[in-house]
Amino acid sequence: MARSIYITSAEGHSGKSTIALGVLDALMRVTPRVGVFRPIARSSAERDYVLELMLAHDGVQLDYEDCVGVTYDEVRDDPDRALSTIVSRFKAVEAQCDSVVIIGSDYTDVASPAELGFNARVAANLGAPVLLVLGGRDQHGGAEQLGTSTARSAAAVGQIAALALAELDEERAELFAVIVNRADPDALQPAIDAVRAAHHETTPVWAIPEDRTLVAPSIRGILSAVDGRLVAGDPDLLTREALSVVVAGMSMVNVLPRLTEDAVVVVPADRTEVLLALLLADASGTFPSIAGIILNGPFPLPADIVRLIDGLESAVPIIATDHGTYDTAVRVMGARGRLAADSRHRYDRALALFQKNVDINELSIELGLAESTVVTPLMFEYGLIERARADRKRIVLPEGDDDRILRAAATLIARDVADLVILGDADAITSRATELGIDVAAAEIISPNNAEYVARFAEEYARLRAHKGVTVAQAADTITDVSYFGTMMVHLGLADGMVSGAAHTTAHTIRPSFEIIKTRPDVDVVSSVFLMALADRVLVYGDCAVIPDPTSAQLADIAVSSAETARKFGIDPRVAMLSYSTGESGSGADVDKVREATALVRERAPELLVEGPIQYDAAADAAVAQTKLPDSAVAGRATVFVFPDLNTGNNTYKAVQRSAGAVAMGPVLQGLNKPINDLSRGALVEDIVNTVAITAIQAQGGVA
């Protein structure tokens with residue numbers, strides 16, 4: 001039976017969805033099949049955004065309709081029948097999962113004072129222990145607007161805890177843990193102590209500090225609140241949070257000094273001089289960067305003003321609404337922040353806060369979840385992040401002018417994966433990050449034209465390439481290229497590794513490493529592998545990116561390097577030297593090359609389990625292996641697959657990736673003295689994050 005957890009709160013706006021996301025993410029690390037269930041939704045006509053948020057998480061494989069119990073109306077009409085329906089529908093979800101995250105009701109405008117009691121009753125009937133979320137902020141008055149509120153004292157938190165715990169006891173619900181969410185950052189421990197004093201038990205209690213950006217509304221949320229439409233600006237910036245509101249009902253000279261960072265500015269649509277002044281102020285860099293502009297009133301912009309705005313090429317979202325100034329301002333002030341599935345930086349911030357303040361291991365152990373022998377792609381990715389975080393390394397990202405790199409950097413920083421250096425113009429990078437609503441302030445930004453670095457790197461590069469006749473002047477021109485600049489940083493110990501290729505070719509990325517980093521003494525060639533995360537395990541494929549037609553000696557080198565890479569990532573290496581025949585059944589130059597390479601591997605690494613030549617089916621399928629090589633320790637159990645040439649390897653990894661839905665991480669370069677890794681030019685933000693984590697883990701071992 002699945003081990004489930006019921007997340008509920010004592011009041012509304014406690015940030016329960018943030019906690020649910022953190023718990024879901026934590027469970028994904030240790031068990032392959034995690035489900036979500038919403039016992040009570042607002043209505044059958046409107047989809048529940050919290051449930052959709054959870055279902056959008058990678059790894060959750062359930063349909064929305066299966067994950068809803070009943071509506072508020074059904075609970076009010078007949079609570080007992082509603083409870084019976086909830087239990088029945090939950091059991092259907094539970095049967096498909098190893099664990100289930102159950103998200104209690106939301107204290108909406110149709111809620112009653114008995115709502116916590118009913119949630120406790122549901123939890124007791126589902127047999128799910130309760131994770132109680134207590135709000136650390138005052139819920140009264142207008143203080144919540146645009147992410148501001150008043151912190152509760154520890155005594156007040158303790159009082160709410162006592163009342164809520166009594167309610168749970170009355171319904172005989174089992175308490176699993178308590179989280180004080182959105183707590184005063186300067187009083188986390190007093191809040192924890194107050195809850196413990198109210199409970200007098202050893203139940204885990206954690207506190208998560210307030211993060212204003214998580215509760216501030218996004219520009220997209222404000223657009224919806226004012227019934228607006230985007231008339232200009234970058235749609236990608238609609239995910240940016242608005243931390244304050246400025247109502248610009250005065251002249252231009254009086255508006256400008258009132259601007260604040262991340263503000264949304266409400267402007268009457270017929271005050272076009274104020275609109276243009278705001279766009280110029282934002283572009284100037286001498287005023288705070290605003291999050292968006294709301295044009296209110298039923299006044300279309302004149303054609304000449306539209307042409308002028310187009311010429312400014314401003315990215316600031318401009319939203320038009322027909323509402324009046326007062327109504328617009330009220331709607332903006334009443335908008336609330338939501339953890340939206342399309343806002344990666346909110347995800348990252350929420351998960352980072354949860355992981356920093358909640359003991360994930362204790363949570364898993366208390367739930368009785370043992371670590372699974374199955375390794376899903378998501379579980380493997382989590383493992384990468386955890387290993388990188390455990391011994392943080394300094395990684396250089398040369399392509400600072402690429403939005404994907406900046407978004408990945410924000411994720412890496414938020415999750416403490418690595419210390420980052422981003423190459424590029426500091427003002428341009430900072431400005432673009434602000435526009436994207438992400439925080440890369442913790443990264444060091446270095447210009448590849450920095451005179452001090454250029455002089456130092458040119459001297460070293462000229463020394464390394466003196467045998468090619470390279471002068472210092474020539475070297476100075478070369479090393480301002482971001483790939484060479486980043487590689488020099490790694491070479492001189494200013495960074496532990498480099499990840500590039502989102503906007504450059506593989507050759508552009510790795511050529512400098514051949515010239516500067518060079519191969520390790522114990523290997524002959526630089527090669528690559530892909531870490532192929534299948535549904536239940538991770539395999540290593542090599543070489544799929546570097547050496548077109550390896551010799552038998554190079555194949556042996558690839559095999560030994562690939563086995564070593566496998567060990568670094570927790571994969572027990574059993575090496576299959578692939579060919580179109582198995583064992584002694586075939587002959588010919590291609591088979592002989594693989595046979596000779598296998599003999600060389602056994603000679604160089606006698607402790608390594610290796611089989612070859614062997615066909616893929618015999619290497620991967622135990623039934624086929626029993627027929628073709630029944631006495632082999634590798635056949636049917638291979639974890640490292642070495643392809644005879646690049647054509648075979650590249651096509652096979654792509655076929656498995658596309659046809660089997662595998663997650664392909666790489667190419668991971670191996671054989672260099674220090675880790676340099678290449679990205680696909682179509683890389684997603686998640687690919688970049690994983691590759692940085694892989695590079696950091698390689699750097700932990702001291703060699704690539």
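A few points about this structure:
- Within region 506-543, the set of residues being of a type in the set (Ser, Thr, Tyr) and over 27 Å from the mean Cα position of the chain (by Cα) comprises Ser513, Thr519, Ser527.
- Residue count, region 646-682 (criterion: among the hydroxyl-bearing types (Ser, Thr, Tyr) and within 20 Å of the chain's Cα centre (by Cα)): 1
- Residues of region 474-508 that turn out to be surrounded by fewer than 18 Cβ atoms within 10 Å (Cβ to Cβ) and either closer than 17 Å to Val668 by Cα or without any contact (Cβ under 8 Å) to a residue 12 or more places away in the chain (or both), as a count: 5
- Elements of type strands (runs of 3 or more DSSP E) contained in region 1-108, each with 2 or more residues being over 20 Å from Ala164 (Cβ atoms), touching a helix residue (DSSP H, G or I) at 6+ places or on another chain (Cβ under 6 Å) and modelled with pLDDT of 85 or more: 34-41, 68-71, 99-103
- Residue within region 581-603 that is under 28 Å from the mean Cα position of the chain (by Cα) and open to solvent by less than 10 Å² (accessible area, probe 1.4 Å) present: no
- Extreme residue, surrounded by the most Cβ atoms within 10 Å (Cβ to Cβ), among residues of region 179-202 that are of a type in the set (A, V, I, L, M) and not in a strand (DSSP E or B): Ala191
- Flag if Thr519 is of a type outside the set (A, V, I, L, M), in contact (Cβ under 8 Å) with a residue 40 or more places away in the chain and touching a strand residue (DSSP E or B) at 6+ places or on another chain (Cβ under 6 Å): no
- Tally of residues being of a type outside the set (A, V, I, L, M) and within 28 Å of the chain's Cα centre (by Cα) across region 544-559: 1
- Thr639 meets all of the listed conditions (1) touching a Lys or Arg at 6+ places or on another chain (Cβ under 7 Å); (2) crowded, with 24+ Cβ neighbours inside 10 Å but one, namely (2).
- For region 415-430, the count of residues that are of a type in the set (S, T, N, Q) and open to solvent by less than 60 Å² (accessible area, probe 1.4 Å) is zero.
- Boolean, Leu163 is open to solvent by 40 Å² or more (accessible area, probe 1.4 Å), under 30 Å from Leu83 (Cα atoms) and modelled with pLDDT of 90 or more: yes
- Residue tally, condition modelled with pLDDT of 95 or more and not in a loop (DSSP other than H, G, I, E, B), over region 485-508: 10
- Screening region 509-521 for residues that are touching a Gly at 6+ places or on another chain (Cβ under 9 Å) and not in a helix (DSSP H, G or I) and picking the one that is most open to solvent (accessible area, probe 1.4 Å) gives Thr519.
- Contact map, region 666-678: first residue open to solvent by 10 Å² or more (accessible area, probe 1.4 Å), second residue assigned to a strand (DSSP E or B) and hydroxyl-bearing (Ser, Thr, Tyr), Cβ cut-off under 6 Å, separation 6 or more or different chains; pairs are Pro667/Ser528.
The values are calculated or read from the model by the stated rules, or taken from the named source; none is laboratory data. Since the model is a prediction, treat every value here as computed from it, not as a measurement. Virtual Cβ from ideal backbone geometry, glycine too; neighbours counted across all protein chains shown. Accessible surface is based on the protein model in full, side chains and every heavy atom, while ligands, DNA and RNA are left aside. Shrake-Rupley method; radii C 1.70, N 1.55, O 1.52, S 1.80 Å.
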